[in-house]
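The structure appears below as structure tokens.
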Amino acid sequence: MGEFIRYETDGRVGTITIDRPQKRNAMTFAMLGDFIETVAAADADPATSVLIVTGVPGAFCAGTDLADLATIPGESRGLRGTAEDNHRWWPITSCTKPTICAIDGPAVGMGAEFTSQCDLRIASTNARFAWNFVHRGLVPDTGAGTWMLPRIVGVQQALRLLYTGAMIESAEALSIGYLLAVVEPEELAGRVQALAQSIAAGSPHSLQLIKQLVHQGLTAPMGEHMQRHTAAMAACFNSDDHREGVASFLERRPAVFTGR
């Protein structure tokens with residue numbers, strides 16, 4: 001973790017917070033490196049099974065800090081590695097754990113991309129979104145805007161947002177299916193934490209397999225998907241979590257899952 005990226009845990013829930021309010025959490029290259037490393041470390045943390053990605057109150061991420069960007073040679077800007085380095089381009093999507101985004105302020109450029117990389121998104125009435133890369137002579141910088149966004153809101157809505165770079169309010173983001181819910185700012189943390197805790201009550205082993213199957217299934221033919229599905233089912237039946245799930249039901253008690 002760096003100066004502006006925090007990681008904290010509460011039971012089975014981990015929270016990554018971007019904390020640079022004076023710049024609306026705009027990312028420098030150093031911050032981005034810290035963020036990528038923190039997400040990877042949080043994903044590897046055996047104490048948690050769900051991750052929340054958020055910013056300090058009133059901010060999410062206003063994109064790349066353009067003052068910092070000006071210090072980077074043009075040919076090096078935005079190039080974090082090869083196309084195969086998914087963890088650098090897609091740090092949140094690469095997480096094996098379920099991820100929830102809590103947005104309480106502008107999510108612009110890279111910030112909007114990070115919200116697309118999360119599995120679930122809840123925002124406050126303060127939230128705004130813009131994939132404004134076209135106004136900077138760029139394409140969406142992580143690739144999420146051109147791959148995930150059409151799958152979330154449909155091709156036509158995604159292209160409208162990408163072509164115009166328009167800023168949309170949280171109410172519109174909810175209406176086009178980008179958000180799961182919109183709440184008042186003071187309700188955001190509690191609403192997201194309640195959702196995270198309800199997910200964390202499930203089997204970590206099952207959660208990771210479900211996420212994997214859904215994301216791989218977005219581009220896989222049905223036959224290939226069913227091969228993965230049957231392998232996942234076999235792994236579940238042989239897992240300690242399945243045995244605990246059955247035992248807890250029969251014994252009328254909460255399950256204590258280990259993720260094995």
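Kindly evaluate residue 171 against the criterion of being assigned to a helix (DSSP H, G or I), aliphatic (A, V, I, L, M) and either within 19 Å of residue 121 (Cα to Cα) or assigned by TED's automatic domain parsing to the domain that holds residue 104 (or both). Yes. Number of residues in the range 20-59 that are under 20 Å from residue 88 (Cα atoms), small (Gly, Ala, Ser) and in contact with a Leu (Cβ under 9 Å, 6 or more places away or on another chain) equals 2.
What are the residues in the range 200-214 that are among the polar types (S, T, N, Q), surrounded by 14 or more Cβ atoms within 10 Å (Cβ to Cβ) and in a helix (DSSP H, G or I), if any? Within the range 200-214, 206, 208 qualify. Among the residues of the range 116-133, is there at least one that is within 24 Å of residue 43 (Cα to Cα), modelled with pLDDT of 95 or more and assigned to a helix (DSSP H, G or I)? Yes, the range 116-133 contains a residue that is within 24 Å of residue 43 (Cα to Cα), modelled with pLDDT of 95 or more and assigned to a helix (DSSP H, G or I). Taken over the range 94-116, residues that are within 20 Å of residue 162 (Cα to Cα) and surrounded by fewer than 22 Cβ atoms within 10 Å (Cβ to Cβ) amount to 0. Answer yes or no: is there a residue in the range 238-254 that is closer than 18 Å to residue 98 by Cα and free of Cβ contacts under 8 Å to residues at least 40 places away in the same chain. Yes, the conditions are met somewhere in the range 238-254. Scan the range 118-128 for residues that are surrounded by 22 or more Cβ atoms within 10 Å (Cβ to Cβ) and touching a helix residue (DSSP H, G or I) at 6+ places or on another chain (Cβ under 9 Å) and the total you get is 5. Being surrounded by 17 or more Cβ atoms within 10 Å (Cβ to Cβ), in contact with a helix residue (DSSP H, G or I) (Cβ under 6 Å, 6 or more places away or on another chain) and touching a residue at least 24 places away in the same chain (Cβ under 8 Å) is a condition met by no residue of the range 186-199. For the range 1-22, name all the residues that are aromatic (Phe, Trp, Tyr) and either more than 18 Å from residue 118 (Cβ to Cβ) or at pLDDT below 95 (or both). The answer is 4, and nothing else.
The values are calculated or read from the model by the stated rules, or taken from the named source; none is laboratory data. Quantities reported herein were computed from a predicted structural model and do not represent experimental measurements. Cβ: placed from backbone, ideal geometry, glycine included. Neighbour counts: every protein chain shown.
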